[in-house]
Amino acid sequence: MTIAVVIPTLDEAADIGATIAAARLALGACEVVVVDAGSRDGTVAAATAAGATALIAPGSRAAAMNTGAAAASGDVLLFLHADTILPAGAGAAIAAALQTSGAGAFRIGFDRPRPLLERVVNLRSRLFGVVYGDQALFATRAAFDRAGGFRPIPIMEDRDLAARLRRDGGLTILPLAVVTSSRRHRHEGHVRTIARHWLIQGLYTLGVAPERLARLYPPVR
């Protein structure tokens, strides 16, 4: 099993080196493909210095991840946010999960712990299989290809793909937790951030188009 880590980026020079280093420690030998949407802060140079293959692909995160998947040679694809750190033992846990399902994701933790929020998100993932990109979604290449990859939508592309993977060959939520940045919480405030997330998720569940939902979710640098 060869794992290819695909990391979409835009102005992530401050974090990308640590993210790549942590991925290599957690997975052992792996391929790392960074797909950049046009950073101006040296992200590409930092990724290359950390040993990743760097590609340029302006556009949506969904398009970037599809580009990275197409360029990677691994038979397992792991889609990682640039501000998310994989836990020790991730490689062995992924290998075990893929013995019984075609895809999976990790539990979530934050760099500034939010115990109640983490419990709610992890319970939702375990009970309903609802997974987002900051949980480091992974799949065999065969499962990813059968699912058709990421749809070209501006938001919720991660949840959409996870749902299709779950229906196809199952999706395992690992007991290990990634550590992801809470920078949006720090930037916008904890209550406002959670309210925005739940509003968008609820509207998506009700069938509101991702193109409309994207207007409610401005980027945070």
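The values are calculated or read from the model by the stated rules, or taken from the named source; none is laboratory data. Since the structure is predicted, the reported quantities are computational estimates derived from the model, not experimental observations. Because the Cβ atoms are built from the backbone with ideal geometry, glycine has one as well, and the counts that use them run over all protein chains shown. Note: areas computed on protein heavy atoms with side chains; ligands, DNA, RNA excluded. Shrake-Rupley method; radii C 1.70, N 1.55, O 1.52, S 1.80 Å.
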Worksheet entry | In sequence order, calculated HN-Hα J values of the range 105-117 (Karplus, 6.51, -1.76, 1.60; Hz; x Gly/Pro) | 7, 9, 5, 10, x, 10, 5, 10, x, 10, x, 5, 4
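Mind checking the full-extension length gain between Asp145 and Ser73? Use 0.36 nm per residue of separation minus the Cα-Cα distance, one decimal, nm.
Gain on extension, Asp145 to Ser73, equals 24.6 nm.
Provide the per residue accessible area, probe 1.4 Å, for the chain, rounded to a whole number of square angstrom. Don't skip to the answer; put the middle values down first.
Values: 9980 Å² over 221 residues.
The answer is 45 Å² per residue.
Report, to the nearest whole %, how much of the accessible area of the range 86-149 belongs to carbon and sulfur atoms, 1.4 Å probe, protein only. Let's see the in-between values first.
Working: 1660 of 2800 Å².
Carbon-and-sulfur percentage of accessible area, whole number: 59.
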Item to complete: Using DSSP to define loop residues, name the trypsin sites (Lys or Arg not before Pro) in the range 17-74 whose beta-carbon has at most 12 other beta-carbon atoms within 10 Å.
Response: Arg40
Worksheet entry | Gained length - Arg40 relative to Ala96, 0.36 nm times residue gap less alpha-carbon distance | 16.2 nm
Discussion item. Skipping prolines and chain starts, which residues have an amide H placed within reach, meaning under 5 Å, of the one on Thr180, given they are 5 or more residues away or on another chain?
Written reply: Ile85, Gly109, Phe110, Asp111
Item to complete: Counting only C-alpha contacts under 8 Å and six or more residues apart, can you give the relative contact order of the range 68-221 as a whole percent?
Response: 32
Item to complete: Between Leu123 and Arg212, with labels modelled 7 Å along Cα→Cβ, what's the label distance in nm to one decimal, could you check?
Response: 3.0
Worksheet entry | Estimated vicinal HN-Hα couplings, Hz - the range 81-90 in sequence order (Karplus 6.51, -1.76, 1.60; Gly, Pro = x) | 6, 5, 10, 10, 9, 6, x, 4, x, 4
Worksheet item: Arg151: accessible area at probe 1.4 Å, nearest 10 Å²?
Response: 100
Item to complete: Give the long-range amide H neighbours of Ile56: residues separated by 5 or more places, or on another chain, with amide H under 5 Å away, using H modelled in the peptide plane at 1.01 Å from N.
Response: Asp36
Worksheet item: Any idea how far apart Arg167 and Ala21 come out in nm if each label point goes 7 Å out from Cα toward Cβ?
Response: 4.3
Item to complete: Could you please report the charge total around Gly89, scoring K, R as +1 and D, E as -1 over all other residues with beta-carbon less than 14 angstrom from its beta-carbon?
Response: +2
